[in-house]
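Trainee: This is the structure I have questions about; it appears just below.
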Amino acid sequence: MIDRRTFIAALAGGMLSGSGLASAQGAAKIYRIGMLEAVPEAQNRSNLDAFRRGMRDLGYVEGRNLIIEYRSADGHAERFPHLASELVQLNVDLIVTRGTPAANAAKNATRSIPVLMATMGDPRGIVTSFARPGGNITGLTTFSTELTAKRIELLKELVPNAARVGLLHNMSNPAASPEWDETQSAARTLHLHAKLFDVRSEADLGRAFEQAAREHVDALVVGADGLTQLHKKPIVDLANANRLPAAYPAREFVESGGLMAYAIDYPELYLKLARYAGRIFNGAKPADLPIEQPTNFELALNLKTARLLKLVVPQSLLVRASTIVDS
């Protein structure tokens with residue numbers, strides 16, 4: 001026979017134990033996002049800040065209910081398969097990729113973990129369709145191939161006497177070949193001669209600009225790739241040192257001293273990506289979320305660099321620019 005004091009103690013202990021169990025069961029889930037990026041976190045700060053802000057707006061806060069596992073290939077696309085496998089082993093809830101090599105690596109690494117493409121040259125090689133991607137992958141596209149022609153048009157407007165245009169790109173990137181095709185097509189339309197400069201390492205950059213100088217290239221388009229992202233400042237410096245007008249694939253190049261960029265607003269893209277992540281965390285399937293295509297593009301100009309290159313920026317470009325750097 002148990003006495004009253006022992007019974008009360010046992011009951012209290014059971015209640016406390018049950019309360020602790022209920023508390024543990026009711027604890028908020030901690031979501032883990034793996035990010036496959038081409039450059040180190042410090043070089044991707046504005047985009048990450050936008051993504052974190054978007055997640056916070058939805059109630060997902062690092063240190064409380066969100067962990068971001070950031071993995072950078074540091075400009076070496078061949079590292080993506082290993083990094084993707086590492087994220088799968090961590091059993092993340094979602095993988096975010098930037099660029100075609102990262103998206104391909106994630107697709108090959110998992111068929112079950114949702115994958116969000118932050119940028120992608122041409123998603124048709126990854127998904128079934130834009131409207132219904134199918135499988136575990138969706139995200140946003142940046143029209144990087146189509147924008148190549150527009151950048152050439154803008155360069156021709158800024159450098160009307162140009163006769164030769166070059167494309168600086170890492171041709172090991174699957175997205176690069178369509179951009180080279182687009183470059184040649186646009187050059188023919190504008191009566192320009194097109195030249196390809198294939199760069200696959202940092203050491204190739206200096207040689208490419210030396211070759212461009214020897215071949216009297218008048219203007220240059222820089223492709224979007226992990227290598228060019230990682231080395232954006234050396235590329236900008238080489239272009240300016242060689243007095244070579246160049247159009248770049250993101251505003252950050254112009255902020256680093258580049259002449260011109262025509263692209264989407266990448267921080268805005270990452271903000272949108274957070275909303276996609278929130279929908280997936282709320283139960284939406286990537287297969288049912290359409291690939292979002294951009295509708296707004298921004299022209300960025302660096303007037304200080306234009307003066308360095310002895311270029312007169314026409315009013316037609318100035319009035320269309322959404323970002324002007326002059327310091």
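Trainee: Please tell me the relative contact order of the range 125-188 in percent, rounded to the nearest whole number, where contacts are Cα pairs under 8 Å and at least six residues apart.
Mentor: About 36 percent, as a whole number.
Trainee: Hey, another quick one. Please give the charge dipole size of the range 170-322, origin at the Cα centre, charges +1 on K and R Cβ atoms and -1 on D and E Cβ atoms. Round to the nearest 20 debye.
Mentor: Rounded to the nearest 20 debye, it is 360 debye.
Trainee: Mean-square fluctuation check for the chain, GNM, Cα pairs under 10 Å: which of GLY63, GLY223, GLY206 is largest?
Mentor: In this elastic network of the chain, the residue with the biggest mean-square fluctuation among GLY63, GLY223, GLY206 is GLY63.
Trainee: In percent, what relative contact order does the range 215-327 have, based on Cα pairs under 8 Å that are 6 or more apart in sequence?
Mentor: Relative contact order for the range 215-327 comes out at 24 percent.
Trainee: Would you work out which of LEU154, ILE126, PHE209 lies farthest towards the positive end of the dipole of the chain? Charges go on Cβ: Lys and Arg +1, Asp and Glu -1.
Mentor: Value computed over the given set: ILE126.
Trainee: Which angle between 0 and 90 degrees, to the nearest 10, do you get for helix 4-26 versus the longest principal axis of the chain when only C-alpha atoms count?
Mentor: Value to nearest ten degrees: 20.
Trainee: Find, among the chymotrypsin sites (Phe, Trp or Tyr not before Pro) in the range 259-327, those assigned to loop by DSSP (not H, G, I, E, B) with at most 13 other beta-carbon atoms within 10 angstrom.
Mentor: none
Trainee: Something else about it: Relative contact order (percent) for the chain, with alpha-carbon contacts under 8 angstrom and 6 or more residues of separation?
Mentor: Contact order relative to length: 18 percent.
Trainee: A further question on this structure: By how many degrees, between 0 and 90 and to the nearest 10, does the Cα long axis of helix 176-189 differ from the longest principal axis of the chain?
Mentor: Helix 176-189 and the main axis of the chain meet at about 30 degrees.
Trainee: So how many Lys-Lys pairs in the chain land under 26 Å Cα to Cα, not counting same-chain pairs under 8 apart?
Mentor: Value for the chain: 25.
Trainee: So, one more: For a protection proxy built on the mean count of beta-carbon atoms within 10 angstrom, sort 108-116, 304-312 highest first, please.
Mentor: Per-residue mean Cβ counts within 10 Å order the peptides as 108-116, 304-312.
Trainee: Next question, about the same structure. Beta carbons within 10 angstrom, averaged per residue: use that to sort the peptides 85-94, 163-172, 47-56, 318-327, highest first.
Mentor: 163-172, 47-56, 85-94, 318-327
Trainee: Per residue of the chain, what 222 nm ellipticity follows from adding -39500 (n - 2.57) for every DSSP H run with n ≥ 4, rounded to the nearest 500?
Mentor: Rounded to the nearest 500, the figure is -13500 deg cm²/dmol.
Trainee: Also, I was wondering about something else. What's the ranking of 190-201, 282-293, 136-147 by average number of surrounding C-beta atoms within 10 Å, highest first?
Mentor: 136-147, 190-201, 282-293
Trainee: Output the 0 to 90 degree angle, nearest 10, between the alpha-carbon long axis of helix 100-109 and the longest principal axis computed from the alpha carbons of the chain.
Mentor: 30 degrees
Trainee: Of the DSSP beta bridges with both residues in the chain, give the percent that are antiparallel, rounding to the nearest 5.
Mentor: 10 percent
Trainee: How much length is gained on full extension from ASN65 to PHE297, taking 0.36 nm per residue of separation minus their Cα-Cα distance?
Mentor: 80.1 nm
Trainee: Among bridges DSSP assigns within the range 184-327, what percent are antiparallel (round to 5)?
Mentor: Restricted to the range 184-327, the bridges split so that about 35 percent are antiparallel.
Trainee: Rounded, prolate or oblate for the range 34-115? Axes are the square roots of the Cα gyration tensor eigenvalues, ordered a ≥ b ≥ c, and the cut-off for rounded is a/c under 1.5.
Mentor: oblate
A short reminder: the numbers here are calculations on the coordinates, not readings from a lab. Predicted model, so just to flag it, every value in this text is computed and none were measured. A quick note on method: Cβ atoms are made from the backbone with ideal geometry, for glycine too, and the neighbour counts reach across all protein chains shown.
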